[in-house]
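Asks: Dropping the structure in here first, questions after.
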Amino acid sequence: MTVLVGYVPSALGEAALRAAIEQARFRDEPLLVVNTSRGDAYVDPRLAQDHDLDRVARELTAAGVPHTIRQLVRGRDAAEEIVDIVEAEDVSLVVIGIRHRTPVGKLIMGSAAQEILLRVPCPVLAVKAD
């Protein structure tokens, strides 16, 4: 079994990572850190840079949490990537960050968090930024 966290380099992503570390320790399971981007923009603030992923790896190593980090840029949205990983692997828990969005924002952009909540067969821990 594995704990999966959807990571973005932001306060929201850091909050999700902290919660995922706690859950991985509690469950005595490895942590799978997933960072995704559609790759359709010159600058995507959700795409972690090498220094972000290196820092995450150092933090997890220092915390003694076995981990794997995957960065996927395949033209698919984050929810699709996470749902596919959960369906293909033995994931016990998904940890995601959530933020408040207006109804119009949800209508236009959709909600990756909502899609993950509705589609994955395992529990989902939704975390807000501090």
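The values are calculated or read from the model by the stated rules, or taken from the named source; none is laboratory data. Since we're looking at a predicted model, the values are computed, not measured. Cβ placement follows ideal geometry from the backbone for every residue including glycine, while neighbour counts extend to all protein chains displayed. Side chains included, ligands, DNA and RNA excluded: accessible areas come from the protein's heavy atoms. Shrake-Rupley method; radii C 1.70, N 1.55, O 1.52, S 1.80 Å.
Asks: So Val43 clears everything in (1) farther than 17 Å from Ala113 by Cα; (2) crowded, with 22+ Cβ neighbours inside 10 Å; (3) hydrophobic (A, V, I, L, M, F, W, C) except one condition, right? Which one?
Replies: That leaves (2) as the condition not met.
Asks: Can I ask one more? Whether any residue in region 15-35 is part of a loop (DSSP other than H, G, I, E, B), farther than 23 Å from Asp130 by Cα and not acidic (Asp, Glu) is what I want to check.
Replies: Among the residues of region 15-35, at least one is part of a loop (DSSP other than H, G, I, E, B), farther than 23 Å from Asp130 by Cα and not acidic (Asp, Glu), which makes the answer yes.
Asks: Only one of Glu29, Glu14, Glu22 is of a type in the set (D, E, K, R), farther than 18 Å from Glu80 by Cα and touching a strand residue (DSSP E or B) at 6+ places or on another chain (Cβ under 6 Å). Can you tell me which?
Replies: It is Glu29.
Asks: Going residue by residue through region 67-77, is there one that turns out to be closer than 21 Å to Asp28 by Cβ, open to solvent by less than 40 Å² (accessible area, probe 1.4 Å) and in contact with a Pro (Cβ under 9 Å, 6 or more places away or on another chain)?
Replies: There is no residue in region 67-77 that is closer than 21 Å to Asp28 by Cβ, open to solvent by less than 40 Å² (accessible area, probe 1.4 Å) and in contact with a Pro (Cβ under 9 Å, 6 or more places away or on another chain).
Asks: Follow-up. Let me spell it out: the conditions are (1) open to solvent by 40 Å² or more (accessible area, probe 1.4 Å); (2) more than 11 Å from the chain's Cα centre (by Cα); (3) at pLDDT below 95, and Ser37 meets all of them except one. Which number is the exception?
Replies: (1)
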